[in-house]
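**Student:** Structure below; questions to follow.
The values are calculated or read from the model by the stated rules, or taken from the named source; none is laboratory data. Treat the numbers as computed from the prediction; the structure is a model and nothing was measured. Neighbour counts are summed over all protein chains in view; Cβ atoms, including those assigned to glycine, are modelled from backbone coordinates with ideal geometry.
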Amino acid sequence: MILTLFGFLVLLSLVFIVIGIFKEDETLQAIIGFTFLFLLSFQLIDGTLEYKTGFNESSYYVYGDNFTGYHWDYDNDMPPNTEGEIFLFHKDTSNIYIYENYQNKTIGFYLALLSAFGFSFMLYGMKKIKRPN
C-alpha cells in the first residue's frame, strides 16, 4: 500500500472515531473507525507500506526518412540514407518509479493495541436502547 493512501485511510478512520465519540447516537461510527484502524495497523507490522524514493528515466530516439513510413524503432544499425536525409520523428521517454518498503512493527503493534482498547471501551460504553414493543 502506498504511504499517501495509508495516511488518507488512517485520517478517514480517525474522522469516524471522532464522530462516534462526540455524538452519543453514533457510537457505531467509532466502532467502525477502531476496526478499520486495527486492520490498517497490520500494514505497518507486515511491512508492505511503500513510499516513492526516486525514478529512472530512459529515452530513445525514433528516426525515419519520411518517405517509406518505416520507423527504425528497434534497429541497432544506423538507418539507410536512401533519400539523402534522416529525420528525427520523436523522442520517447519513460519514467520508472522506485519504491522502498517501510516496516515498523513497534508502531504497528501499539496502533493495534490502541485500537483494540478503543473498540472494547466503545462496546462497554454503549447504552442499551429501549425499543418500543
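**Student:** State the number of residues belonging to the stretch 43-76 that are at pLDDT 80 or above and surrounded by 13 or more Cβ atoms within 10 Å (Cβ to Cβ).
**Tutor:** 6
**Student:** List pairs: first residue in the stretch 120-132 and modelled with pLDDT of 65 or more, second residue surrounded by 10 or more Cβ atoms within 10 Å (Cβ to Cβ) anywhere in the structure, Cβ distance under 6 angstrom, at least six positions apart or on different chains.
**Tutor:** MET122/THR27; MET122/ALA30; MET122/ILE31; MET126/THR27
**Student:** Just give me the residues in the stretch 4-20 being surrounded by 17 or more Cβ atoms within 10 Å (Cβ to Cβ) and over 22 Å from LYS105 (Cβ atoms), in sequence order.
**Tutor:** Answer for the stretch 4-20, where residues must be surrounded by 17 or more Cβ atoms within 10 Å (Cβ to Cβ) and over 22 Å from LYS105 (Cβ atoms): PHE16, ILE17, GLY20.
**Student:** Within the stretch 23-41, restricting attention to residues that are out of contact with any Ser or Thr (no Cβ under 6 Å at 6 or more places or on another chain) and at pLDDT 90 or above, which residue is surrounded by the most Cβ atoms within 10 Å (Cβ to Cβ)?
**Tutor:** Among those that are out of contact with any Ser or Thr (no Cβ under 6 Å at 6 or more places or on another chain) and at pLDDT 90 or above, it is ALA30.
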